[in-house]
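In what follows, a structure is listed as structure tokens, so that the remarks can point back to it.
The values are calculated or read from the model by the stated rules, or taken from the named source; none is laboratory data. This one's a predicted model, so the numbers in the text were calculated from it and none came from an experiment. For neighbour counting, all protein chains shown are included, and Cβ atoms are generated from backbone atoms with ideal geometry for every residue, glycine included.
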Amino acid sequence: MNIDDLDILTLADINPGDEVIVLKNNLTDEMRRRMLDLGISPGTHVTCIACAPCGRPKAYAVYSSTFAIRYDNARKIEVEYVSGNKSQK
Amino acid sequence: METKVKNKCKKNKTDRSDAKKIIKTALAGNPNVGKSSLFNRLTGLGRHTGNWSGKTVDLASGFFSVSENEVCELVDLPGTYSLYARSEEERVSRDFICFSNAEKIIVVVDALSLERNLILALDICEARENVVLVLNLMDEAGRSGLCIDIERLSKMLSVPVIPASAKTGMGLDEIKRAIANDSTSSASTPVSRSVARAAINTVCQTIEHIGKTNKLSAHWLAVKFLENDAEFVSQIAFHLAYTPDELLMIDDAIGRANEILENSGSDPNKFSDYAAECTLKRAREIGDACVQRKPKEKQTLSEKLDRYVLGKYTAYPIMLVLFAAILWLSAIGANYPSDLLFRAFSFVGDRLSYLMCDLPELIRAPLLDGVYLVLTWVVSVMLPSMAIFFPLFTLAEDFGLLPRIAFCLDEPFRRSGSCGKQPLAMCMGLGCNCTGIMGSRIIDSDHERLLSVLTNSFVPCNGRLPLLITLSSLLFIGLSVHLRGVLSAIVLLLFILLSVFVTMILCRLLSGTFLHGDRSSITLELPPYRTPNVGQVIVRSVLDRTLRVLGRSVLVAAPAGFVIWLISNLTFCGRTPLSMLNDLLDPLGKFLGMDGVILSAFVLGMPANEIVLPIILMSYKGGGLLTQTPSLSTLCMVLTNNGWTTKTIVCTAVLCLFHFPCAPALLTVFKETHSKRAAIMSVAIPLTVGATLCMLLSLGFSLFS
């Protein structure tokens, strides 16, 4: 099953200002572990902070620190909007 | 008083080390938590600290006294996000924490981002004895309305916790006291990993039975064995000196533990993830229990600034303006101090020649007109622009601007097979290619770093910029001064853009062919903007970078001056070797749209590109003495008389951008890569590009005229 084909919300889809909760980390091996080390795992609150001028990558606030995560990696992390957040896709 | 003690310690380190006890301590922590500032505060060494993730590559250490008869040797470890190490720096940190003879580990955490920092802190506290936690940036935390229950945190982690601030000096005495305190604290109670408890205990018992754990906790070692990170396991076996029999026993225990895991329905291959998730969960629990946050009311200044610096329409213009300003300052602004230096040196030179008038001409001339002239030439061109460029660059670095530039430029460079940190190395290359090549260390992935190292010499350093500027002004010699200024600035910018464009194309080509490999993970941290410590930056960047680069160039320039004097003054059959070389290279030069004089000037200018134009002028004038560039109109006359056309100017400029790296840069490539192949490629690639472009340009010009 290719996750690109499904209409699943990922970190790569959210825009500056959106706050989401991580549902699932579909990365493998090293990158998966890297994300865990930054505190990104199911249940983590992530806020999109900024978007580079050419649309990629985006910067996310995780536990009061800001990280840029490349598109290829961000789209492997499934998220859902924090309830009450207005900017639904 | 403090400094006195420190100096005494340094002096007596060797002969009186028995009188004072040395406590070896390491400073560990995530990148960007102010470890290096704390290090500077404690040791007073004033080593440069950068607001850049993972910039500290070499281990720095310093001494300071912690009590009357104890001295602490503090080692500053590279920042890492966890003990799960993949890059060289992370391995250095991990191995130092686990296997060195350091008595204490000070884990520095960012009070503003406690939960994330605790992931590493928890791992270290669990791994070994004698850990002290330092909560840095407490002043900033207080300002942003953050309240941390220190006592509770200390109890939950079962290690001493010291609130501190490297900026205000808060907590420094407590840190020294904690280092001097010789009571041993054991590793803290392990994070609960309920599902795997039985499995971990199985391995743990075997490790406890063998007994060689040094300062490490058997339980933590058991977890690491089950995580099955082959590289780390081999390190553990090596440092703890396990015999093959003992390793077999552990293997056996791991086998049993995996069975237990399987029976309880969990996949042993996912144990590593599970262990990390447990640590993260615990970090969250501690954060929830100990940290009280006030809801944020308004945007911080940092966030407001980011709206523009990272803004969709403002980001690139801001970067371009900053870039142009730095370029202008280091290329044009540096001319005035350059002139002053020139005059001062020629004054000294006159005095020297007066003093040495007793010496025979054969000794005096090569020393004065060769070595001294080239040496002072290189110094007076390089020193001012570097003394301006490097502090400015370091200020931008400390302010926190560089990671943001890397962020904005990541996508275009990612498409060309590299990453957003490469343009930063290229910017450093504008100051000096040697620094740019060394600066490529900030790139994580090996092959992307190699790309950056190989293509750095495409960026014109400030030894080549003056030549480019002169050439661009020569193109518009007939126009009025102001119009000429504007047009030549545009042409100069075009030349630099051409070099960036060619860099990107080559990165694409190289990464698609024989330099493909891992992409860097770019989890780039964007730290909040911080006011740089201007005084420290200027002192450090002048000492660290400017003088080092200058020293290296001087070492190469002095013998080069001697050689240039020899081949332009000795005569064989009535001709100098220089004119022979010029004639030899002339056909090739003509083919590439130039002449032999220009080519041999580039060859002879290899030690320092500053002297390319002076060598050209010397050849045309036929004298044996390097001369300073005359006024533009005189220069134009000299060049036109020697057959220069627009074609020659453009081709020379292109060759100036793309030829071989200068000798110090070439040496740096070799030192950074430890590979002859890379050094050869770093010559061959730009040479091929330059020759091809010049040939095409020359063809194009002859077609049109």
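Summary of values
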item	result
Residue satisfying all of: in segment B:624-642; part of a loop (DSSP other than H, G, I, E, B) and touching a residue at least 24 places away in the same chain (Cβ under 8 Å); farthest from residue B:373 (Cα to Cα) among these	B:642
Segment B:614-623 - residue that is in a helix (DSSP H, G or I) and either of a type in the set (A, V, I, L, M, F, W, C) or without any contact (Cβ under 8 Å) to a residue 60 or more places away in the chain (or both) and, of those, farthest from residue B:663 (Cα to Cα)	B:621
Residue B:651, sole failed condition from (1) crowded, with 18+ Cβ neighbours inside 10 Å; (2) under 12 Å from residue B:470 (Cα atoms)	(2)
Search result, residues across segment B:105-119 that are out of contact with any Phe, Trp or Tyr (no Cβ under 6 Å at 6 or more places or on another chain) and within 14 Å of chain A (Cβ to nearest Cβ)	B:109, B:110, B:111, B:112, B:114, B:117, B:118, B:119
Any hit, segment B:561-574, residues being within 14 Å of chain A (Cβ to nearest Cβ) and aliphatic (A, V, I, L, M)	no
Residues located in segment B:300-326, provided they are more than 24 Å from the chain's Cα centre (by Cα) and among the aromatic types (Phe, Trp, Tyr)	B:308, B:313
Selection from segment B:643-679 of residues that are among the small types (Gly, Ala, Ser) and in contact (Cβ under 8 Å) with a residue 60 or more places away in the chain	B:653, B:663, B:665, B:678
Filtered residues of segment B:600-613 (kept if part of a helix (DSSP H, G or I) and touching a residue at least 24 places away in the same chain (Cβ under 8 Å))	B:602, B:604, B:609, B:610, B:611, B:612, B:613
Hits in segment B:135-149 (condition: of a type in the set (A, V, I, L, M, F, W, C), closer than 14 Å to residue B:115 by Cα and either under 31 Å from the mean Cα position of the chain (by Cα) or surrounded by fewer than 18 Cβ atoms within 10 Å (Cβ to Cβ) (or both))	B:135, B:141, B:147
Qualifying residue in segment A:36-45 (condition: facing another protein chain (nearest Cβ under 7 Å) and of a type in the set (Ser, Thr, Tyr))	yes
Every residue from segment B:308-342 that is β-branched (Val, Ile, Thr) and not in a helix (DSSP H, G or I)	B:314
Complete set of residues in segment B:67-124 that are over 27 Å from the mean Cα position of the chain (by Cα) and among the polar types (S, T, N, Q)	B:67, B:69, B:101
Qualifying helices (runs of 4 or more DSSP H) (wholly inside segment B:432-483; at least 3 residues being of a type in the set (D, E, K, R))	B:446-455
Candidates B:102, B:85, filtered to the one that is in contact with a Ser or Thr (Cβ under 8 Å, 6 or more places away or on another chain) and either within 14 Å of another protein chain (Cβ to nearest Cβ) or surrounded by fewer than 18 Cβ atoms within 10 Å (Cβ to Cβ) (or both)	B:85
Residue list for segment B:281-330, filter: among the small types (Gly, Ala, Ser), over 30 Å from residue B:149 (Cβ atoms) and within 13 Å of chain A (Cβ to nearest Cβ)	B:311, B:315
Out of B:526, B:578, B:474, B:492, sole residue that is within 14 Å of another protein chain (Cβ to nearest Cβ), crowded, with 18+ Cβ neighbours inside 10 Å and aliphatic (A, V, I, L, M)	B:526
Enumeration of residues in segment B:495-507 that are surrounded by 16 or more Cβ atoms within 10 Å (Cβ to Cβ) and not β-branched (Val, Ile, Thr)	B:495, B:498, B:499, B:504, B:506, B:507
Failed item in (1) in contact with a Gly (Cβ under 7 Å, 6 or more places away or on another chain); (2) part of a strand (DSSP E or B), with residue B:116 passing the rest	(2)
Checking residue B:535 against (1) under 30 Å from residue B:645 (Cα atoms); (2) surrounded by fewer than 14 Cβ atoms within 10 Å (Cβ to Cβ), the condition it does not meet	(1)
Enumeration of residues in segment B:103-125 that are farther than 17 Å from residue B:35 by Cα and modelled with pLDDT under 90	B:103, B:115
Matching residues in segment B:656-692 - criterion: being aromatic (Phe, Trp, Tyr) and outside any helix (DSSP H, G or I)	B:658, B:660
Tally of residues being of a type in the set (Phe, Trp, Tyr) and at pLDDT 80 or above across segment B:511-542	1
Looking only at segment A:54-83, and only at residues there that are among the charged types (D, E, K, R) and surrounded by fewer than 23 Cβ atoms within 10 Å (Cβ to Cβ), the one that is nearest to the other protein chains (Cβ to nearest Cβ)	A:56
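Here's the yes/no breakdown for (1) part of a loop (DSSP other than H, G, I, E, B); (2) under 23 Å from the mean Cα position of the chain (by Cα); (3) buried (at least 20 other Cβ atoms within 10 Å of the Cβ):
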| position | (1), (2), (3) |
| --- | --- |
| B:363 | no, no, no |
| B:373 | no, no, yes |
| B:377 | no, no, yes |
| B:380 | no, no, yes |
| B:384 | no, yes, yes |
| B:390 | no, yes, yes |
| B:397 | no, yes, yes |
| B:405 | no, yes, yes |
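Conditions tested, residue by residue: (1) more than 27 Å from the chain's Cα centre (by Cα); (2) buried (at least 19 other Cβ atoms within 10 Å of the Cβ); (3) modelled with pLDDT of 85 or more.
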{"site": "B:596", "(1), (2), (3)": "yes, yes, yes"}
{"site": "B:624", "(1), (2), (3)": "yes, yes, no"}
{"site": "B:639", "(1), (2), (3)": "yes, yes, yes"}
{"site": "B:646", "(1), (2), (3)": "yes, no, yes"}
